[in-house]
2 protein chains.
Amino acid sequence: MTDEKTMTIREMCEAFDVTPRTLRFYEAKELLFPIREGQKRLFTRRDRARLKLILRGKRFGFSLEDIRQLLDLYHMGDQQQTQLAKTYEIAQDRLQSMIDQRDELNEAIDELKEQMRWGEKMLASMSNSKKAAE
Amino acid sequence: MTDEKTMTIREMCEAFDVTPRTLRFYEAKELLFPIREGQKRLFTRRDRARLKLILRGKRFGFSLEDIRQLLDLYHMGDQQQTQLAKTYEIAQDRLQSMIDQRDELNEAIDELKEQMRWGEKMLASMSNSKKAAE
DNA sequence: AGGATAGCTGACGTTTACGTAATGCATACG
DNA sequence: CGTATGCATTACGTAAACGTCAGCTATCCT
């Protein structure tokens with residue numbers, strides 16, 4: 001057993017800094033599949049792995065629906081071949097868009113740095129002329 | 001005059017692949033400032049530059065409000081010093097978050113590639129056992 | 001003059017991703 | 001035994017970012 005301990009909803013919330021509402025919402029949208037003990041949710045190692053990917057995907061600006069499709073790639077042990085192939089294609093597309101996004105991000109970073117150098121010069125010259133006026 | 005030609009709302013829409021509603025919405029939110037000829041909007045070179053940055057920001061997952069603040073950095077000729085300094089700070093924060101995002105994106109790309117190699121192996125072995133069964 | 005075309009202003013509708021009560025069950029605690 | 005605590009389910013509310021539709025103008029064309 002590789003750390004097959006389950007967590008309550010509160011423990012999850014503290015561990016990942018989300019609200020209970022968020023976790024229940026993700027379950028409703030079939031992004032997480034906590035098991036039930038009575039009526040209580042118990043989150044497994046698998047749920048934790050998925051939640052980590054969900055939160056990361058969100059930081060990249062992907063929608064929950066986008067993320068849901070990608071998640072299958074990380075948990076496809078029992079899939080059919082055709083389903084797996086489709087998932088693989090989706091993953092390829094997503095990978096490409098992530099690479100594109102990274103490249104554009106690099107460009108944007110360089111441009112912003114450039115602008116900020118300009119801003120520094122402006123700040124410097126403004127504080128100079130202010131000193132001269134005193 | 002450095003290409004100081006204005007564009008109608010339709011021309012903008014085709015050039016940037018957005019709807020008129022979007023452009024009017026951005027104006028209402030003070031992201032764009034088209035001049036008026038009668039009651040018609042005329043978009044300037046400045047608006048085009050800003051729109052390009054807006055759309056890019058959106059692809060990075062920034063909110064319009066985030067973007068609005070950043071935009072000031074690119075068009076701060078007539079600002080006061082204090083205002084400029086504040087804008088500069090905002091830009092620094094944003095730059096850092098973009099760098100963080102890029103780094104995390106690189107990690108995610110590597111992980112996804114790894115998963116896909118695994119998926120390829122699965123696909124291969126599944127098609128093998130299928131051939132063997134025939 | 002009478003459309004067709006392009007743009008305008010409200011104003012209400014929609015989707016996404018949750019927030020926020022209101023109400024109910026179950027268990028632990030003094 | 002009562003109550004406080006933790007989690008549950010409905011269900012309605014909300015902010016962001018537009019979509020959509022109705023009704024009004026100005027202009028150009030024949």
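Okay, here's what the table says:
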read-out	value
All positions within the stretch B:42-61 that are within 16 Å of DNA strand C (Cβ to nearest atom) and within 13 Å of chain A (Cβ to nearest Cβ)	B:Lys58, B:Arg59, B:Phe60, B:Gly61
Selection count where residues are more than 11 Å from DNA strand C (Cβ to nearest atom) and among the aromatic types (Phe, Trp, Tyr), scope the stretch B:4-28	2
Residue in the stretch A:37-59 that is within 13 Å of DNA strand D (Cβ to nearest atom), among the hydrophobic types (A, V, I, L, M, F, W, C) and out of contact with any strand residue (DSSP E or B) (no Cβ under 6 Å at 6 or more places or on another chain) present	no
Checking B:Asp47 against (1) within 16 Å of the chain's Cα centre (by Cα); (2) among the charged types (D, E, K, R); (3) surrounded by fewer than 18 Cβ atoms within 10 Å (Cβ to Cβ), the condition it does not meet	(3)
Any hit, the stretch A:72-86, residues being within 16 Å of DNA strand C (Cβ to nearest atom) and either in contact with a Phe, Trp or Tyr (Cβ under 8 Å, 6 or more places away or on another chain) or on the phi < 0 side of the Ramachandran plot (or both)	no
Unmet requirement for B:Glu37, which otherwise passes all of (1) within 24 Å of A:Asp103 (Cα to Cα); (2) within 16 Å of DNA strand C (Cβ to nearest atom)	(1)
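Each row is one residue, and each column tells you yes or no for (1) surrounded by 14 or more Cβ atoms within 10 Å (Cβ to Cβ); (2) more than 7 Å from chain A (Cβ to nearest Cβ); (3) modelled with pLDDT of 90 or more.
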| position | (1), (2), (3) |
| --- | --- |
| B:Gln80 | no, yes, no |
| B:Gln83 | no, yes, no |
| B:Lys86 | yes, yes, no |
| B:Glu89 | no, yes, no |
| B:Ile99 | yes, no, yes |
| B:Glu111 | no, yes, yes |
| B:Lys131 | no, yes, no |
| B:Glu134 | no, yes, no |
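The values are calculated or read from the model by the stated rules, or taken from the named source; none is laboratory data. Owing to the predicted nature of the structure, the values given are computational and were not obtained by experimental measurement. Cβ coordinates were reconstructed from backbone atoms using ideal geometry, including for glycine residues, and neighbour counts include every protein chain displayed.
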